[in-house]
Amino acid sequence: MTITKKQKALIVLIGLILLWGMMISTDAIRASHRQRPIFARYEIAYDDGGSVEYIGLFYKVYFVHQFCDSKWENTKAFHNKTYVIFQKVGPWFEGIGAMIDREYEKYEKIDEAASE
């Protein structure tokens, strides 16, 4: 049985997609354990209390470490805390501001569900 050029290209494409998925998964697991990513490179440190951004192949890893301002003080998870600390893996085109706003909305929904 011979393999055509299309089949070879498909096998290579599937292999690359699997490799990329393993890279993202590895970095996401490491981020969830507060460890630096392996396959993403250091990009920038923000002057907001210590947030750091790493960029990988079509994804970003954020280690958010912000001073707890009045916005975050209103959530039960961060009430009376000095810092807001969490890790996220997201698409490469999303900025840290949009990601933090999305995370804040998630905590607001959790607080609303808990109060019902």
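The values are calculated or read from the model by the stated rules, or taken from the named source; none is laboratory data. From a predicted model like this one, the values you see are computed outputs, not experimental measurements. With ideal geometry, Cβ positions are generated from the backbone for all residues, glycine too; neighbour counts draw on all protein chains shown.
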Exercise. Across the range 42-81, which residue is nearest to residue 16 (Cα to Cα) among those that are of a type in the set (Phe, Trp, Tyr) and at pLDDT below 90?
Worked result: 46
Seminar exercise, completed: Of 47, 27, the only residue that is of a type in the set (Asp, Glu), in contact (Cβ under 8 Å) with a residue 40 or more places away in the chain and more than 30 Å from residue 112 (Cβ to Cβ) is 27
Seminar exercise, completed: Within the range 37-60, residues farther than 23 Å from residue 82 by Cβ, in contact with a Phe, Trp or Tyr (Cβ under 8 Å, 6 or more places away or on another chain) and of a type outside the set (Ser, Thr, Tyr) come out as 37, 40, 41, 43, 55, 56, 57, 58, 60
Seminar exercise, completed: Pairing a residue in the range 61-72 that is over 7 Å from residue 83 (Cβ atoms) with any residue that is acidic (Asp, Glu), where Cβ atoms lie under 7 Å and the two sit 6 or more apart in sequence or on different chains, gives 61/27; 62/53
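Out of the residues in the range 72-93 that are of a type in the set (D, E, K, R) and touching a Phe, Trp or Tyr at 6+ places or on another chain (Cβ under 9 Å), which is farthest from residue 36 (Cα to Cα)?
The extreme case among them is 76.
Yes or no, residue by residue, for (1) aromatic (Phe, Trp, Tyr); (2) within 19 Å of residue 98 (Cα to Cα); (3) within 11 Å of the chain's Cα centre (by Cα):
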| position | (1), (2), (3) |
| --- | --- |
| 18 | no, no, no |
| 36 | no, no, no |
| 39 | yes, no, no |
| 42 | yes, no, no |
| 46 | yes, yes, no |
| 58 | yes, yes, no |
| 81 | no, no, no |
For this session: With the condition kept exactly as written, say whether any residue in the range 77-84 is without any contact (Cβ under 8 Å) to a residue 24 or more places away in the chain, small (Gly, Ala, Ser) and farther than 17 Å from residue 59 by Cβ.
Result: no
